[in-house]
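J.: There's a structure below that I have some questions on.
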Amino acid sequence: MLWISILAIIVAAASAIVGYLVFRSQVDPEVIVYLKLDEQRSSFILLVIENIGKGAAANVRFIPSKPLPAWAFGISEDKADPFQSMTEGAIVTGIPFLEPGGKRIFTWGQFGGLKKHLGDGVSVTVGYEHRHLGWPFALKKNGTFPLELNSFAGGDIADLNWDKQAANHLKEIAASLKEALKLVKRLLPAQQ
């Protein structure tokens, strides 16, 4: 009988822990930092800060493992802009309040420029606070995110801006139609 009581206590404790973890996943923020290829402008890499959690994050702050460039343009390392340290923006100033699903997106540079200034990459530690209703104090949370560059090497930097491509094709069609209209006017006899 004692073993059954002990087993019941273990099951109840495990159930309480699982319930608490499910509750926390529904109310906690989760702020992440990552790199993404810009689909509208070929060859540009974006720095993205996003709250993927279901709660609001407050006093979001960032600590990079090494100085970050403000802009790092250049398709190849030998053609990269000189290093200029980041002096403004969310990584430097932090974010006072980041709502659930909130994002900050920055055009950071191109592969060659970022590779020249960061090597294989950099890691950014993110710290933030959040409050549950009724809690007398803020809970603190942090995480470290590697911003690696090697996975972008040799990738497809084709122009994926379909709106721009469609507009260019429409311009070509309009120019062709103008030429065809001129030809038709020349071939038709002049009306008196």
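J.: Any residue at all in the stretch 47-55 that's modelled with pLDDT under 95 and either within 22 Å of F152 (Cα to Cα) or buried (at least 17 other Cβ atoms within 10 Å of the Cβ) (or both)?
T.: Yes, the conditions are met somewhere in the stretch 47-55.
J.: Could I ask something else about it? Do any residues in the stretch 54-78 that are under 17 Å from V122 (Cα atoms) have Cβ atoms under 6 Å from those of residues that are of a type outside the set (V, I, T) and surrounded by fewer than 13 Cβ atoms within 10 Å (Cβ to Cβ), where the two are at least six apart or on different chains, and which pairs are they?
T.: P67/S85; A70/Q84
J.: Same structure again: If you go through the stretch 152-167 one residue at a time, do you hit one that is more than 30 Å from G109 (Cβ to Cβ), surrounded by 10 or more Cβ atoms within 10 Å (Cβ to Cβ), modelled with pLDDT of 70 or more and among the small types (G, A, S)?
T.: Checking the stretch 152-167: not a single residue is more than 30 Å from G109 (Cβ to Cβ), surrounded by 10 or more Cβ atoms within 10 Å (Cβ to Cβ), modelled with pLDDT of 70 or more and among the small types (G, A, S).
J.: Still on this structure, I have one more. Please work out which residue is surrounded by the most Cβ atoms within 10 Å (Cβ to Cβ), limiting yourself to the stretch 79-99 and to residues that are charged (D, E, K, R) and assigned to a loop (DSSP other than H, G, I, E, B).
T.: In this case the residue turns out to be D81.
J.: While we're here: Regarding G112, is this residue out of contact with any strand residue (DSSP E or B) (no Cβ under 6 Å at 6 or more places or on another chain) and at pLDDT below 95?
T.: It is true that G112 is out of contact with any strand residue (DSSP E or B) (no Cβ under 6 Å at 6 or more places or on another chain) and at pLDDT below 95.
J.: Here's a follow-up. Out of everything in the stretch 100-149 that is among the aromatic types (F, W, Y) and either more than 30 Å from R41 (Cβ to Cβ) or surrounded by 18 or more Cβ atoms within 10 Å (Cβ to Cβ) (or both), what residue ends up being nearest to the chain's Cα centre (by Cα)?
T.: W108
J.: Answer yes or no: is there a residue in the stretch 125-140 that is touching a Ser or Thr at 6+ places or on another chain (Cβ under 7 Å), aromatic (F, W, Y) and at pLDDT 90 or above.
T.: Checked the stretch 125-140: no residue is touching a Ser or Thr at 6+ places or on another chain (Cβ under 7 Å), aromatic (F, W, Y) and at pLDDT 90 or above.
Conditions (1) farther than 20 Å from G143 by Cβ; (2) assigned to a loop (DSSP other than H, G, I, E, B); (3) out of contact with any Ser or Thr (no Cβ under 7 Å at 6 or more places or on another chain), marked per residue:
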site: A12; (1), (2), (3): yes, no, yes
site: S15; (1), (2), (3): yes, no, yes
site: G19; (1), (2), (3): yes, no, yes
site: S42; (1), (2), (3): yes, yes, yes
site: V48; (1), (2), (3): no, no, yes
site: I63; (1), (2), (3): no, no, no
site: P67; (1), (2), (3): yes, yes, no
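The values are calculated or read from the model by the stated rules, or taken from the named source; none is laboratory data. This is a predicted model, so every value here is computed, not measured. As a convention, Cβ positions derive from the backbone with ideal geometry for all residues, glycine included, and neighbour counts pool all protein chains shown.
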